[in-house]
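Each remark here refers to the structure printed beneath this line.
The values are calculated or read from the model by the stated rules, or taken from the named source; none is laboratory data. On a predicted model such as this, the values are computed, not experimentally measured, just so you know. Here the Cβ positions follow ideal geometry from the backbone for every residue, glycine too, while neighbour counts run over all protein chains shown. Surface accessibility is based on the protein's heavy atoms, side chains included, excluding ligands, DNA and RNA. Shrake-Rupley method; radii C 1.70, N 1.55, O 1.52, S 1.80 Å.
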Amino acid sequence: MKTIELNVKSREKGYKVAKELRANGYVPINFYAINKTNLNLAAKTLDLREIVYTSHKPIVLLKVDGSNETLKCIVKEITFDPVTDEITHIDFLGLVENHLLTTDLPIILKGTPEGERLGGKLQQVLHKIKVRTTPELLDDSIEIEISNLELGKSIQVKDIQKEGWKFFLPPDTMICSLKHPRVPTT
């Protein structure tokens, strides 16, 4: 699982403080964890690119200025400006050993299906899935091998076999399918 270190600094609460941070190239951050005090933090916008713009969900090690403690967490929610598409806020969820957490994981399809070589069209319907598990069993994504996918067949949630994971979708929910090519009518 990919791990990224992120240097952050403490900040005060409030709208005016957050607005000033954004104007100076920082993003306001909140850190939440069970049995820990919630922290108001800030990070440089450029330092967040590796965490935000990726197809995986890495573990983030927050290093707070003035503290020797490293906070292990994952991204819970990212807020973007609707006009400029800049990052305006991030919530991090602290990882506590042996404590269940719920998060969305991206689904990544690996390989080229045999049926696609025969003219079939691959359609990925589900791009992320909500999972409940412990931090020890957490992965940064769900990779599904599709090389053996045949024409007219699909992969469903029930086809994902992962010990200690609970999915919040019905087992027959389709992840991807390989459709037959369309035959033109004359």
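Need one word for segment 122-186: rounded, prolate or oblate. Basis is the Cα gyration tensor (sqrt eigenvalues a ≥ b ≥ c); a/c below 1.5 gives rounded, then a/b vs b/c decides. Taking the square roots of the gyration eigenvalues as a ≥ b ≥ c, segment 122-186 is prolate. Compute the distance from the alpha-carbon center of segment 85-123 to that of segment 133-168, in whole Å. Result: 10 Å between the Cα centres.
Basic side chains Lys and Arg get +1 at the Cβ, acidic Asp and Glu get -1 at the Cβ, and with that the dipole of segment 46-179 about its Cα centre reaches some 540 debye. In whole percent, what relative contact order does the chain give with Cα contacts below 8 Å and a gap of six or more residues? Computed value for the chain: 18 percent relative contact order. At 0.36 nm per residue, and after removing the present C-alpha to C-alpha distance, how many nm does the segment from Asn24 to Gln123 gain when stretched out fully? My answer for the length gained is 31.4 nm.
Using the structure shown, select from Lys44/Lys128; Lys2/Lys121; Lys44/Lys72; Lys72/Lys130 the pairs with a Cα to Cα distance greater than 22 angstrom. Table pairs above 22 Å Cα-Cα are Lys44/Lys128; Lys2/Lys121.
For segment 1-63, the fraction of 1.4 Å probe accessible surface lying on carbon and sulfur atoms is 48 percent. Fully extending the segment from Asp159 to Thr70 would add 28.4 nm, taking 0.36 nm per residue of separation and subtracting the current Cα-Cα distance. Highest-first packing order for the peptide set 88-101, 157-170, 110-123 is 88-101, 110-123, 157-170, based on the mean count of other beta carbon atoms within 10 Å.
Spin-label model, Asn35/Phe168: points 7 Å from Cα along the beta carbon direction are separated by 2.4 nm. Heavy-atom accessible surface of segment 26-179, averaged per residue, reaches 57 Å², computed with a 1.4 Å probe. Computing FRET efficiency as 1/(1 + (r/R0)^6) for Lys9 and Ile78, where r is the C-beta to C-beta distance and R0 is 25 Å, gives about 0.85. For segment 127-179, which whole-number percentage of the solvent-accessible area (1.4 Å probe, protein heavy atoms only) is attributable to carbon and sulfur atoms? Summing carbon and sulfur atoms, their accessible area is 48 percent of the total for segment 127-179. The charge dipole of segment 1-114, taken about its Cα centre with unit charges on the Cβ of Lys, Arg, Asp and Glu (plus for the first two, minus for the last two), comes to roughly 260 debye. Between [x] 39, 20, 13; [y] 29, 20, 16; [z] 44, 19, 14, which matches semi-axes √(5λ) of the Cα gyration tensor in Å calculated for the structure shown? It is the one labelled [x]. For the chain, the share of DSSP beta bridges that are antiparallel, to the nearest 5, is 70%.
Nearest 500 deg cm²/dmol is fine: what mean residue ellipticity at 222 nm does the chain get from its DSSP H runs of n ≥ 4 alone, each adding -39,500 (n - 2.57), divided by its residue count?
-2000 deg cm²/dmol
Take every pair of alpha-carbon atoms less than 8 Å apart whose residues are at least six positions apart; their mean separation over the length of segment 1-90 yields a relative contact order of 32 percent. Here the extension length gained between Thr54 and Ile108 equals 18.3 nm, from 0.36 nm per residue of separation less the Cα-Cα distance.
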